[in-house]
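What follows is calculated from the coordinates using simple rules that are stated; it is not laboratory data. What you see is a predicted model, and the numbers here were worked out from it, not measured in a lab. Positions of Cβ are backbone-derived with ideal geometry, glycine not excepted, and every protein chain shown enters the neighbour counts.
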């Protein structure tokens, strides 16, 4: 007696269907974070342009197109169709060791988000940007500590700057920077340039 197609191929289907589902999920995985970022509630900065979270006050000092260099100080040539952006964040904290790490995104005029560490600029001297201040006496090039001025200086407050670099398609209009803190997984924070 001849067995039917379903009976002959039952074990094959048992292994192929989950493998196919895993393949589809893996293909969609990079887009899931982008989808989640666009759906996350966004808290805008206060009147002074900054946000306070995890013991630090973060403001966007500068958002501009970037001229990148290599680690040897030579001009870095961007790939065709790519432009680079530079965002300077100011971090104020009484105790930098308690600050939280964050992910930094560039937001364009259409709402698209771009992450730091893009492959198009990974050979440029861009460093690693985060909201975790580096209080060490030998700071990295992207996190430079300097003493604060004003009433907070007596309380031990410190001011740090971190510089984030992004790669976008040519013609992108950058309008803001978004911060995502692991300690607040339910919101992003949107900073716009002041002035």
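Taking the Cβ-Cβ separation of residue 128 and residue 192 as r and a Förster radius of 30 Å, what is the calculated FRET efficiency to the nearest 0.05?
Result of the calculation: an efficiency of 0.80.
Hey, rough spin-label estimate for residue 7 and residue 22, points 7 angstrom out along Cα→Cβ, what's it come to in nanometres?
Label-label distance for residue 7 and residue 22, simple model: 3.0 nm.
Could you tell me the calculated FRET efficiency between residue 110 and residue 15, based on Cβ-Cβ distance and R0 = 41 angstrom, to the nearest 0.05?
Numbers: r = 43 Å, r/R0 = 1.04.
So, using R0 = 41 Å, E works out to roughly 0.45.
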